[in-house]
Structure formats: structure tokens, C-alpha cells
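For reference, the structure discussed in these notes is given below.
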């Protein structure tokens, strides 16, 4: 496998899975049998979805992670390649491709069941990074050995983002070593009990911290500055993948050297749009879809400001 990538704006390093998404009238109770209203399958996983988000927004991305030598791995690899993601740093093996079963209710709330089988995190030397020089690197914490090695080899020369969706060994190993620590509300509560306490504590570990709060928007701290940002108003039908879309767009915006407020708005629009579609991969916005929602949101914000004044 060659190590020299085409020029990549963002390298996404971490987890890839295959998602089976069921739409249900309600989440089943104990011993209850129910019938799904719909089912579809597609590739998933935080870093893999982020890589697809980057390409759909018009940037170049590469993905590094694991896929099994099975039908799910074959299907996901073809999806990534069809989206234009550089897959030359993908490792294939005999362990099954991780699976996720997602149960989605009509109100957009979801339950998710993941299965990795015997698949373990890739070793630090399983991928060669010589000649790999993206503008930004995004980690999701699921490949900590590879991620730490990448950071050691690049010595802070490439801006790094951590998608901290939940508190586990991988996110704990990386959270104080990245430039941008972008956390979910779940991570914040697990780490410090509430988001405000988490923001203060995490700001001592990373130069920039963002905590996403779903429909409540986000809070952030960057150096001595801090702030809040409301979420774009959308009709949510499925929140699956919203965080992945946010992180991919966040990294893409950094690669384009956008101003900090624009980075946050750009990422927020991607996450919000994803909630308007069923399934993570299907909900990742195209460049036009993202542009249209961003323009609508900006128009509403300007109008609200004019009415207020």
C-alpha cells in the first residue's frame, strides 16, 4: 500500500462501521416484539462520516482506520471511494467490520447498539504516515495508538481536532494533546458532571474547547475568550451522525483558515442539516445543501437583530 496521499485538506483517523438503521414507532420495551417501518444500510463511524462530510462540502479528505474483509467492509470501502475519500490508509483484516444497529423514533430520538467482535485498535505501526501532510487531522479516539503516533511524528505542525463523543480510554489519551477539543454534552457530563464545569476544566487541557449541546447549540472557550452559539432551527427527524457532520465541517473550516466565529457557524449548520434526514451517512450535507441552510440561518439572524434594535 502506498503512503503518499493526494493533497488532503483533512485526514480523518479513527472508526469505521456499517450501520443498519431501523425506523420505529417507539423504542421496544422488555420482551416486546415490534415491526420496523423502514430499514436501510450504509457506512458509518465518526471518523469515516467526518471524511465523507469533508468531501461533500467540496474539500479533499482521507480516511485511516479498519475495515474487515467481509461484505460490510467491501460495501463501506466502495462508499468511501465513491464519495471521493482517499482510502489508501485503510487497513483490512480478518476481524469483522464493526456493526451498529440504530433504532430511530419519529421524533428523531435514537438508540444505538454497536458490535466490534474481536476487532481491536490498530497498532501504532500498522499505517505508515511518511509523506502524509494534511492541513488538519481529525481523531475520534477509537484508534489511539495510531493517533498518538501521528501526533508524535508531526510535533504540532498540523492542527489537530479531537471528536470527543464519549469518555473512554482513547479520548482520555488524546484530550490534552490536541489543538481543538470538540466534545459532546455526554462527554462533558461524564467528565465533570455538567457542561459549564467541563468547559472550565477542559480549557486547562486544550487551547480551544467546544461543547456541543444538540438543539441548545454550543458553548466554547478559546484562550481568554468564550461564548455561546445557538443551533440553526431545523425540523429534526434523526440525530444520528449530527456530531460526525459537525466535526467534519469543523475540520474543513479550519483547513480553509476561516475566522473562528465562521468555523463554529459552518460546523453547526452541517450538524443541524444532518438531523433533517434519516441515518447518518444519508444526512451528511452536500455543498449546496449546506450553503442554502447557512444562508437561511444568517438571514434569520440578521432579521432578528434588526427587529431587536
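The values are calculated or read from the model by the stated rules, or taken from the named source; none is laboratory data. Since the structure is predicted, the reported quantities are computational estimates derived from the model, not experimental observations. Glycine also receives a Cβ, built like all others from the backbone with ideal geometry; neighbour counts cover every protein chain displayed.
Numerical summary
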| quantity | calculated |
| --- | --- |
| Filtered residues of region 268-293 (kept if touching a residue at least 60 places away in the same chain (Cβ under 8 Å) and within 23 Å of residue 220 (Cα to Cα)) | 270, 275, 290, 293 |
| Selected residue (criterion: modelled with the lowest pLDDT) from residues of region 117-144 that are farther than 23 Å from residue 212 by Cα and surrounded by 17 or more Cβ atoms within 10 Å (Cβ to Cβ) | 119 |
| Qualifying residue in region 210-217 (condition: on the phi > 0 side of the Ramachandran plot and at pLDDT 95 or above) | yes |
| The one condition in (1) closer than 27 Å to residue 266 by Cβ; (2) touching a residue at least 40 places away in the same chain (Cβ under 8 Å); (3) out of contact with any strand residue (DSSP E or B) (no Cβ under 6 Å at 6 or more places or on another chain) that residue 83 fails to fulfil | (2) |
| Residue that is surrounded by the most Cβ atoms within 10 Å (Cβ to Cβ), among those in region 221-267 that are without any contact (Cβ under 8 Å) to a residue 40 or more places away in the chain and assigned to a loop (DSSP other than H, G, I, E, B) | 258 |
| Residue among 72, 59 that alone is surrounded by fewer than 24 Cβ atoms within 10 Å (Cβ to Cβ), touching a strand residue (DSSP E or B) at 6+ places or on another chain (Cβ under 9 Å), farther than 23 Å from residue 120 by Cα and at pLDDT 95 or above | 59 |
| Index of the failed condition, residue 50 passing every other in (1) under 23 Å from residue 103 (Cα atoms); (2) in contact with a strand residue (DSSP E or B) (Cβ under 9 Å, 6 or more places away or on another chain); (3) assigned to a loop (DSSP other than H, G, I, E, B) | (3) |
| Selected residue (criterion: modelled with the highest pLDDT) from residues of region 82-107 that are over 18 Å from the mean Cα position of the chain (by Cα) and not in a strand (DSSP E or B) | 82 |
| For residue 200: the one exception among (1) assigned to a helix (DSSP H, G or I); (2) within 19 Å of the chain's Cα centre (by Cα) | (2) |
